[in-house]
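Notes follow the structure.
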Amino acid sequence: GLQQRPPHVVLLASPGAGHLIPLAELARRLVERHGFAATLVTYTDLFDPRLLQCIPASVSTVALPAFHIDVPADGPVGEMLRELVRRSLPELRSLLRSMSMPPLAAFVPDFFCAAALPVAAEMGVPGYVFFPGSLSWIALMRHIVELHDDVALASAGEYRDVAEPLELPGPLSLRRADLPESCRDCSAPSYQRSMEWGRLFRDAGGLLVNIFSEMEPAALEAFEAAAKRGAFPPVFPVGPSIRSSPDKVADSKESPCLDWLDRQPTGSVVYVSFGSGGALSVEQTVELAAGLEASGQRFLWIVRLPRLEGRHPFAFGNGHGHGHEDPLAWLPEGFLERTKGRGLAVAAWAPQVRVLSHPATAAFVSHCGWNSTLESARSGVPVVALPLCADQMMNALLLEGNLGVALRPRGGGGCVVGRDEIAAALNEIMEGEKGSVVKRRARDLQKAATDAWSPEGSSSRALDEVVAKWMAALAPTDKIGPK
Ligand code: UDP
């Protein structure tokens with residue numbers, strides 16, 4: 001009968017490789033490890049169609065129709081997403097209704113779609129938010145919300161800047177420059193929006209966070225205590241959730257990266273990449289090129305068009321969406337010729353997970369986007385941190401200070417990091433004493449990342465606990481099915 005079919009989990013993805021891929025991986029685990037049926041819902045018009053090919057075969061997909069939204073396309077991405085989610089609620093509602101047989105066990109929107117949570121409440125199913133970043137970032141948003149709500153008690157509608165430095169569990173001590181831009185100035189509209197985002201967590205039955213416990217143990221403890229007091233939804237570390245399927249975006253463009261790496265000596269190459277958007281300023285591009293050249297190290301550099309005035313900094317998914325301009329044309333005159341043989345600069349999408357786990361790859365110059373951070377951890381590759389914006393400065397601090405797996409040249413977070421600092425950091429990580437310490441730590445973190453998903457590992461147990469809660473919430477007749 002119908003009841004015998006496994007219960008269904010519906011996940012809602014926000015655009016961008018860094019959000020879609022980890023959510024799809026989580027869905028795959030729910031299917032393959034826990035026997036659920038899983039459907040990943042996406043917003044048609046915002047995805048690079050090639051990105052959808054990375055969804056594991058065991059996960060079904062449904063695309064919502066295109067919506068017209070009245071938000072300027074070059075405005076804050078978060079606003080656009082909120083508006084999109086708001087517009088799509090009626091469709092989502094009927095979609096979820098049509099999916100209630102087999103029974104719906106849970107609805108899991110990505111954080112950037114968390115405004116869809118009330119739909120879960122209406123249907124009486126658990127609504128859990130998937131968070132694709134660090135727990136410290138959640139801690140920051142929570143802090144801002146609580147700070148305002150305290151102040152608001154005294155004087156309505158007033159906002160307060162976070163203290164400098166802001167001390168978060170970790171310990172993580174954040175100066176103003178380490179904060180995401182949206183959290184720096186309480187008089188900016190973006191600060192109020194951050195707070196509204198932070199409030200969305202309150203509607204969640206729980207948070208599924210793409211971390212593993214060794215990454216942020218103190219933050220996890222603090223959130224456990226908060227959940228016990230009922231001050232915040234329970235937090236479950238269910239990472240690292242990293243691409244496991246072949247990277248069809250890279251393969252379809254016959255990526256030259258892996259062929260080239262195959263020809264390099266073991267442990268000799270610095271991989272340089274700044275995520276799916278990855279736009280450096282023009283100046284930073286020049287300094288990075290000069291630093292790579294001066295260091296004399298071998299490198300594989302995934303080059304994107306620099307960030308220019310009036311251009312949208314966020315390329316959804318494909319990372320090379322700005323027409324037909326050639327990013328390599330922005331490199332300094334003669335750079336490619338002078339580094340020929342020891343350096344490869346490519347403008348294509350890289351199969352990053354495979355690059356990081358390639359034996360030739362020794363270090364990663366990274367913007368410290370959270371997915372890149374997890375991928376470097378899982379591959380045991382130490383990082384030279386060049387954070388650019390948003391949560392990346394916090395992530396860099398975590399990697400450098402708390403985990404000891406990164407070196408951070410001076411500058412960054414809005415300032416240009418100079419060529420000499422870059423060259424020195426590259427040489428230190430490849431050959432220096434500090435370099436050998438961070439390498440060792442990176443291998444320890446790799447072991448922790450792998451162990452987290454062993455059958456008794458921390459992430460496996462956290463996901464088991466979530467599944468048990470979802471199953472307990474199902475009606476008794478619906479419970480036949482999953483393991
Ligand atoms: N990525 C990739 N090839 C590229 C650039 C990025 O596979 O050429 C992947 C990378 O492995 C990671 C994601 O895209 O999974 C980028 O996410 P991250 O959080 O690091 O940065 P964001 O793109 O969100 O800034």
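The values are calculated or read from the model by the stated rules, or taken from the named source; none is laboratory data. Here the structure is a predicted model, which is why all the values come from computation and not from measurement. A quick note on method: Cβ atoms are made from the backbone with ideal geometry, for glycine too, and the neighbour counts reach across all protein chains shown.
Kindly indicate the residue of the stretch 4-17 that is assigned to a loop (DSSP other than H, G, I, E, B) and under 16 Å from the mean Cα position of the chain (by Cα) and also farthest from the ligand (Cβ to nearest atom) among those meeting that condition.
Out of the qualifying residues, it is Ala13.
Do we find that Leu20 is under 21 Å from Gly127 (Cβ atoms) and either assigned to a loop (DSSP other than H, G, I, E, B) or not small (Gly, Ala, Ser) (or both) in this structure?
yes
Looking at Ile422, Ile480, which one is modelled with pLDDT under 95 and over 22 Å from the mean Cα position of the chain (by Cα)?
Ile480
For the stretch 262-295, how many residues are of a type in the set (D, E, K, R) and within 24 Å of the chain's Cα centre (by Cα)?
The number of residues fulfilling the criteria is 0.
Among the numbered criteria (1) touching a helix residue (DSSP H, G or I) at 6+ places or on another chain (Cβ under 9 Å); (2) touching a residue at least 40 places away in the same chain (Cβ under 8 Å), which single criterion is violated by His8?
Failed condition: (1).
Only one of Arg202, Arg160, Arg193 is surrounded by fewer than 16 Cβ atoms within 10 Å (Cβ to Cβ), on the phi < 0 side of the Ramachandran plot, without any contact (Cβ under 8 Å) to a residue 40 or more places away in the chain and in a helix (DSSP H, G or I). Can you tell me which?
After applying the criteria, what remains is Arg202.
Please work out which residue is surrounded by the fewest Cβ atoms within 10 Å (Cβ to Cβ), limiting yourself to the stretch 340-359 and to residues that are away from the ligand (no atom under 11 Å from the Cβ) and not small (Gly, Ala, Ser).
Ranking the candidates gives Lys340 first.
On the given criteria, is Ser100 on the phi < 0 side of the Ramachandran plot and in contact with an Asp or Glu (Cβ under 8 Å, 6 or more places away or on another chain)?
No; evaluated as a whole, the condition is false for this residue.
Just one of Ala462, Ala442 is buried (at least 18 other Cβ atoms within 10 Å of the Cβ), in contact with a Phe, Trp or Tyr (Cβ under 8 Å, 6 or more places away or on another chain) and assigned to a helix (DSSP H, G or I); which is it?
Ala462
Could you list, in sequence order, the residues of the stretch 214-224 that are in contact with a Leu (Cβ under 6 Å, 6 or more places away or on another chain) and either surrounded by fewer than 18 Cβ atoms within 10 Å (Cβ to Cβ) or more than 16 Å from Gly133 (Cα to Cα) (or both)?
Correct list: empty.
Quick one: is Leu386 crowded, with 24+ Cβ neighbours inside 10 Å and either on the phi > 0 side of the Ramachandran plot or in contact (Cβ under 8 Å) with a residue 12 or more places away in the chain (or both)?
It is true that Leu386 is crowded, with 24+ Cβ neighbours inside 10 Å and either on the phi > 0 side of the Ramachandran plot or in contact (Cβ under 8 Å) with a residue 12 or more places away in the chain (or both).
Conditions: (1) in contact (Cβ under 8 Å) with a residue 12 or more places away in the chain; (2) more than 16 Å from the ligand (Cβ to nearest atom); (3) assigned to a loop (DSSP other than H, G, I, E, B); (4) not basic (Lys, Arg). Ala231 meets all but one. Number of the miss?
(1) is the only condition that Ala231 fails.
Given the criterion in contact with a Phe, Trp or Tyr (Cβ under 9 Å, 6 or more places away or on another chain), among the hydrophobic types (A, V, I, L, M, F, W, C) and at pLDDT below 90, identify the matching residue among Val151, Val119, Val125, Val129.
Sole residue among the options that is in contact with a Phe, Trp or Tyr (Cβ under 9 Å, 6 or more places away or on another chain), among the hydrophobic types (A, V, I, L, M, F, W, C) and at pLDDT below 90: Val151.
From Gly277, Gly239, Gly267, grab the single residue that is out of contact with any His (no Cβ under 7 Å at 6 or more places or on another chain), under 16 Å from Ile138 (Cβ atoms), assigned to a loop (DSSP other than H, G, I, E, B) and in contact (Cβ under 8 Å) with a residue 40 or more places away in the chain.
It is Gly239.
Kindly list the number of the only condition in (1) in contact with a helix residue (DSSP H, G or I) (Cβ under 7 Å, 6 or more places away or on another chain); (2) more than 23 Å from Pro132 (Cα to Cα); (3) part of a helix (DSSP H, G or I) that fails for Leu147.
The failed condition is (1).
Looking only at residues that are more than 16 Å from the ligand (Cβ to nearest atom) and not charged (D, E, K, R) in the stretch 259-284, which one is surrounded by the most Cβ atoms within 10 Å (Cβ to Cβ)?
Gln264
Taking the stretch 327-339, which residues are away from the ligand (no atom under 13 Å from the Cβ) and not aromatic (Phe, Trp, Tyr)?
Across the stretch 327-339, the qualifying residues are Leu328, Ala329, Leu331, Pro332, Glu333, Gly334, Leu336, Glu337, Arg338, Thr339.
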